[in-house]
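The values are calculated or read from the model by the stated rules, or taken from the named source; none is laboratory data. Bear in mind that the values here come from a model prediction, so they are computed numbers and not experimental data. Every residue, glycine as well, gets a Cβ built from its backbone with ideal geometry; the counts of neighbours run over all protein chains shown.
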Amino acid sequence: MSNIKKRCEVPSDLKWDLSSLYSDEAKWEEDFNFVSSKKNDYFKYEGKLNNAYDIYNYFVFDEEISKKADALFMYAALRFDEDTTNFKYQSMKGKIEKLIYEISENSSFVIPELMKLSKNDVSSFMKELPELSLYEREFDLLLRRKPHILSLEEEKILSSLSKVLNSSEDIASYLRNADMTFGNITDSKGNEVKLTNTNYSVYITDPDRNVRKQAFCLLHEEYKKLQNTFACAYSNKVACDNKIAKLRGYDSAKAAALFGGNIDLDIYDNLIKTVSANLDVMDKYFALKKEVMNLDELHLYDIYTDLIASSSKDYTFDEAKDIVLKALSILGEDYVNTLKKAFSERWIDVYPNEGKKGGAYSWGCYTSNPYVLLNFNGKFSDVSTLAHELGHSLHSYYSHKNNPYIYHHYKIFVAEVASQVNELILSYYLINNTDDLNEKLFILDNLMNLFKGSIVRQTMFAEFEDLMHVKEEDGEVLTSEVLSDNYYNLYKKYSGNNVICDDDIRFEWEKIPHFYYDFYVYQYSTGLAAACYIANKIMNGEKGALENYLKFLSLGGSMDPVDELKVAGVDMSDPAVIQSAMDMFKDVIDEFKESYKILKKI
């Protein structure tokens, strides 16, 4: 869209309808005042969470307050995101954020008090008051953490040091986003433009090879100058992870990070082993890129350029809606009817407008339908984003519908599965139903980029993160040289033999914020692999696959995430799941090659 409209100029039917949250803002103020008036009532339970009735009454009270606080925050945040220049919603968002923080402080005694209970205490309480049985899983999760909780005094000390202990991430972030300057490059039109961390993605994908090379070299040269500062920040982060894990009685920092989701370490290790055993796919992939781009040598500044510059197709939102409904009809009548509700009941805020937050997301709370923020511009990526975000939305919708509040929220480990299932089904639907060979190749190229970026690259990150923690635990000092050399060696391993790994890439680890997120990145790989496994079964019409998947969508947080995936027919401890994703990657490469041969003959 060429002209960005003001919010008031966007037609109502293309804006989300937030009435499922609040039909009028007087009601928002009423709920805000109610929650505010109850924030100190948490103290009524302090020192009393040692018997069935007070514990049950606390849970009931907290649920009432939490439901309202969730809705209050979501409404204010959505209003803010639709126009970040609106001072009214800036104020509302700030008010509820402050109130939620106060509630969190006032209820900080709860976990330590409940931690004093034993399993026998909990069993006795549930017999005395059967209504408490609803919270049995919550107690199990809580008491499972008990061996890793320190004394009250020690926990207070750690809590008081939390900002200091997390300072490495802040330092790296300030360096990247505030302090670093990269100078200028010359764009394809001969203009001098300022290079930043933000616009780097634009220039590293530029069709002009000279622009790409300038951007690549200039960015990494600046990171090279700060390698010792970044090494200090990251090595301190790693040392802190290892030390706190040891203090809490975990075998490793990785074990501590995976403990919350009850994720077996073998799942992490199998991911690395299986992807590593299939890295011949990267030889095929980069050989294809080199051939299509007609290059004698493929460098790292070439690999992010699209093989098919763009799809010739533009889509209206109505066309995108129709495509998504048709593609996802394979997921059954109830799923499609719920999708239709998302459109007819205006869950979606469609177009960009002045002041609107960029990007896209899906977000819902227990007392409302989910909402989707888009910035739709009519490209294939926007159609894919619509399907992706609706995957999140329907996962939330079914989770909220089928679980009590305490278990309505699913874990991060499974958070990207439904969205990726939708993306994959949409892509294959369009590949199999288009008469436009250019469009088919464009979608296949997008799929190859998805596999390369979300499985292979994220697994490389996961191996680097694990390796650095092991080295630090073994007493090795993580100097800039150690970090850069190990990163470079892994990059060469995961890139194969058909791309030149330019020396500058050894400093790329400095620009990856996810290395400060405590063993987070592997979930991008496992999530897409699980989605591939599920989508394959559904698209092949495997008996029970759809029913099992829909049941998975309804589980919320009622089970451990690995067990939830088993309901969908996915055993993440089985290397076959990762293998199937790598096989799909290879098949996509082969299909692109065959279709590209046809295009060249036309």
Considering the range 584-602, residues that are farther than 19 Å from VAL275 by Cα and touching a residue at least 24 places away in the same chain (Cβ under 8 Å), and then whichever is surrounded by the most Cβ atoms within 10 Å (Cβ to Cβ), we arrive at PHE592
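Residue-by-condition table, conditions (1) outside the structural domain of CYS532 (by TED's automatic domain parsing); (2) free of Cβ contacts under 8 Å to residues at least 40 places away in the same chain:
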position: GLY332; (1), (2): yes, no
position: VAL336; (1), (2): yes, yes
position: GLU345; (1), (2): yes, no
position: ASP382; (1), (2): yes, no
position: LYS401; (1), (2): yes, no
position: THR434; (1), (2): no, yes
Across the range 59-99, the tally of residues that are surrounded by fewer than 16 Cβ atoms within 10 Å (Cβ to Cβ) and not polar (S, T, N, Q) stands at 9
For LEU150, the lone unmet condition from (1) outside any helix (DSSP H, G or I); (2) surrounded by 13 or more Cβ atoms within 10 Å (Cβ to Cβ); (3) outside the structural domain of SER118 (by TED's automatic domain parsing); (4) touching a residue at least 40 places away in the same chain (Cβ under 8 Å) is (3)
Restricting the range 341-399 to residues that are of a type in the set (S, T, N, Q) and surrounded by fewer than 18 Cβ atoms within 10 Å (Cβ to Cβ), the one nearest to ALA76 (Cα to Cα) turns out to be THR367
Those residues of the range 440-463 which are buried (at least 23 other Cβ atoms within 10 Å of the Cβ) and of a type in the set (Gly, Ala, Ser) amount to ALA462
All conditions in (1) of a type in the set (Phe, Trp, Tyr); (2) out of contact with any Ser or Thr (no Cβ under 7 Å at 6 or more places or on another chain); (3) in the same structural domain as GLY527 (by TED's automatic domain parsing) are true of TYR304 except (2)
Taking the range 5-43 and the residues there that are among the acidic types (Asp, Glu) and more than 15 Å from ILE96 (Cα to Cα), the one that is surrounded by the most Cβ atoms within 10 Å (Cβ to Cβ) would be ASP17
Here, helices (runs of 4 or more DSSP H) confined to the range 1-112 with at least 2 residues that are under 30 Å from LYS321 (Cα atoms) and aromatic (Phe, Trp, Tyr) are 52-82
**Message:** Among the residues of the range 226-239, are any farther than 30 Å from VAL414 by Cβ, in contact with a strand residue (DSSP E or B) (Cβ under 8 Å, 6 or more places away or on another chain) and among the hydrophobic types (A, V, I, L, M, F, W, C)?
**Reply:** no
Sole miss for ASP206 among (1) surrounded by 15 or more Cβ atoms within 10 Å (Cβ to Cβ); (2) in a loop (DSSP other than H, G, I, E, B); (3) assigned by TED's automatic domain parsing to the domain that holds VAL60 is condition (3)
